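Each remark here refers to the structure printed beneath this line.
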């Protein structure tokens, strides 16, 4: 097992004119995972990313990337897609990608080959000779993604990568993220589209007012916010079930809230004993957006009935 983390941040703080942007923040990103860096606007996400990239210096604390402090040579092993886009709008797509690849240490021949391959992958092969200002916002976004990963970086940082994309292209980008991780790339994902983070991230850090609010693997975080409840879609009468203190509508089914000490298995045995047809039976775990809101507001989840109805 590789004991070197892709990123290690220790007790980092940053202030601007006396205003706290990041306060005593510590976290690790494991090699080969998708790590979600989430938070509301102004939470400190962008400041954290800029410190990771050595764009700004922390006031205190340490940052190690791929096992060492960030250096100019190490930057060639990182791909960074900033939230603020910055392509040369009057330049041609393929020429731009080749130029940016060479800046990251690629030979011209390798940059041309990889650019052509990736343009094919993002369905823009026929646009290689067109100027960037002739492309739609979504197409430009895909070109910027290609520029970020063209040089085969070991670490990729994506800040709002789904901005401007339609649902089909969101799925395309998600597939590319999965392919990169499968190939061993470590990826940090910062996005307001929490459904995408939920689908992709292994672990996450939620920051608010510059401090860590939630940190860890997604399953453990969900478990902390999950009530003893089951989401059901059944055919039959649920009145009089032992150990159920209330049943509430939820979309096409219901959520059954269980009394303390009663397990979902206890409920399932009762349903089977009553010959109730069960089409759906699952723990009523809250989605990431509900956890996000509850954590930021400092309260518990008000009920699984708010999840996906």
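Remarks
- Test: residue in the range 249-269 that is in contact (Cβ under 8 Å) with a residue 40 or more places away in the chain, assigned by TED's automatic domain parsing to the domain that holds residue 285 and over 21 Å from residue 286 (Cβ atoms): no
- Only listed residue being assigned by TED's automatic domain parsing to the domain that holds residue 187, over 20 Å from residue 208 (Cβ atoms), in contact with a strand residue (DSSP E or B) (Cβ under 9 Å, 6 or more places away or on another chain) and modelled with pLDDT of 95 or more, chosen from 36, 79, 61: 79
- Enumeration of residues in the range 193-221 that are assigned to a loop (DSSP other than H, G, I, E, B) and touching a residue at least 40 places away in the same chain (Cβ under 8 Å): 201, 202, 209, 210
- Filtered by the rule that a residue be buried (at least 19 other Cβ atoms within 10 Å of the Cβ) and touching a strand residue (DSSP E or B) at 6+ places or on another chain (Cβ under 9 Å), the range 82-127 gives a lone residue, 93.
- Residue check for residue 21: assigned to a strand (DSSP E or B) and buried (at least 16 other Cβ atoms within 10 Å of the Cβ): yes
- Test for residue 234: is it surrounded by fewer than 20 Cβ atoms within 10 Å (Cβ to Cβ), in contact with a strand residue (DSSP E or B) (Cβ under 6 Å, 6 or more places away or on another chain) and farther than 30 Å from residue 277 by Cα: no
- Out of 184, 86, 164, 105, sole residue that is free of Cβ contacts under 8 Å to residues at least 12 places away in the same chain and not in a helix (DSSP H, G or I): 86
- Residue match in the range 39-59 (condition: surrounded by fewer than 17 Cβ atoms within 10 Å (Cβ to Cβ) and closer than 13 Å to residue 10 by Cβ): no
The values are calculated or read from the model by the stated rules, or taken from the named source; none is laboratory data. Quantities reported herein were computed from a predicted structural model and do not represent experimental measurements. Neighbour counts run over all protein chains shown; Cβ positions are idealised from the backbone, glycine included.
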